[in-house]
Amino acid sequence: MGIKQSLLKLERQLWNADEEFYQETLAEDAVMVFPAPTGILTRTDILGSLSGGDRWRSIDFSEVRVIEIGDGTAQLVYRAAAERTEDGSEYSALIATTYLQENGTWSLISHQQTPVGE
């Protein structure tokens, strides 16, 4: 499986993953950046936010690009259109996730979302 396919598979899993999957996938110094009021989340913040959250009914990725930054480092960039399971609300965002590969395993280092209108 190529880098693009590997990262897309991992990214799709993360949208509905449980805390255990995140613990295995997040780098120790991982951060996620969201619009206010959420802001910047550390690994500890991310893991603490996973319980009881609303899940996604559907998630579509478009405009997908992979940028190979260096040996074992890549950024996945895409537009996401998603719908929440509980209330059917829609969400659309431009997303950039940076991954680091060590010993054949990809870890999420940074994830940033910019919501966009339809």
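Scanning segment 23-42 for residues that are under 24 Å from residue 62 (Cα atoms) and at pLDDT below 95, we see that the one that is nearest to the chain's Cα centre (by Cα) is 34.
Yes/no per residue for (1) of a type in the set (Gly, Ala, Ser); (2) in contact (Cβ under 8 Å) with a residue 24 or more places away in the chain:
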site	(1), (2)
58	yes, yes
64	no, yes
67	no, no
70	yes, no
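Is it true that some residue in segment 14-23 is touching a Phe, Trp or Tyr at 6+ places or on another chain (Cβ under 6 Å) and farther than 12 Å from residue 99 by Cβ? Scanning segment 14-23, I find at least one residue that is touching a Phe, Trp or Tyr at 6+ places or on another chain (Cβ under 6 Å) and farther than 12 Å from residue 99 by Cβ, so the answer is yes. Of all residues in segment 1-28, how many are surrounded by 11 or more Cβ atoms within 10 Å (Cβ to Cβ) and in a strand (DSSP E or B)? So the count comes out to 2. Against the criterion of being within 19 Å of residue 100 (Cα to Cα), polar (S, T, N, Q), in a strand (DSSP E or B) and without any contact (Cβ under 8 Å) to a residue 60 or more places away in the chain, residue 75 qualifies. Taking the condition closer than 19 Å to residue 115 by Cα and either outside any loop (DSSP other than H, G, I, E, B) or modelled with pLDDT under 95 (or both), does residue 63 pass? It is true that residue 63 is closer than 19 Å to residue 115 by Cα and either outside any loop (DSSP other than H, G, I, E, B) or modelled with pLDDT under 95 (or both).
Is it true that residue 34 is touching a residue at least 60 places away in the same chain (Cβ under 8 Å) and either surrounded by 14 or more Cβ atoms within 10 Å (Cβ to Cβ) or in contact with a strand residue (DSSP E or B) (Cβ under 6 Å, 6 or more places away or on another chain) (or both)? So residue 34 passes the test.
Residue-by-condition table, conditions (1) of a type in the set (A, V, I, L, M, F, W, C); (2) touching a residue at least 24 places away in the same chain (Cβ under 8 Å):
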{"site": "4", "(1), (2)": "no, yes"}
{"site": "7", "(1), (2)": "yes, yes"}
{"site": "14", "(1), (2)": "yes, yes"}
{"site": "20", "(1), (2)": "no, no"}
{"site": "25", "(1), (2)": "no, yes"}
{"site": "30", "(1), (2)": "yes, yes"}
{"site": "39", "(1), (2)": "no, no"}
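Inside segment 83-101, can you point out the residues that are at pLDDT 95 or above, over 16 Å from residue 10 (Cα atoms) and not hydroxyl-bearing (Ser, Thr, Tyr)?
93, 94
The values are calculated or read from the model by the stated rules, or taken from the named source; none is laboratory data. Just so it is clear, the model here is predicted, and its values are computed rather than measured. Every residue, glycine among them, receives a Cβ derived from its backbone with ideal geometry; neighbour counts consider all protein chains shown.
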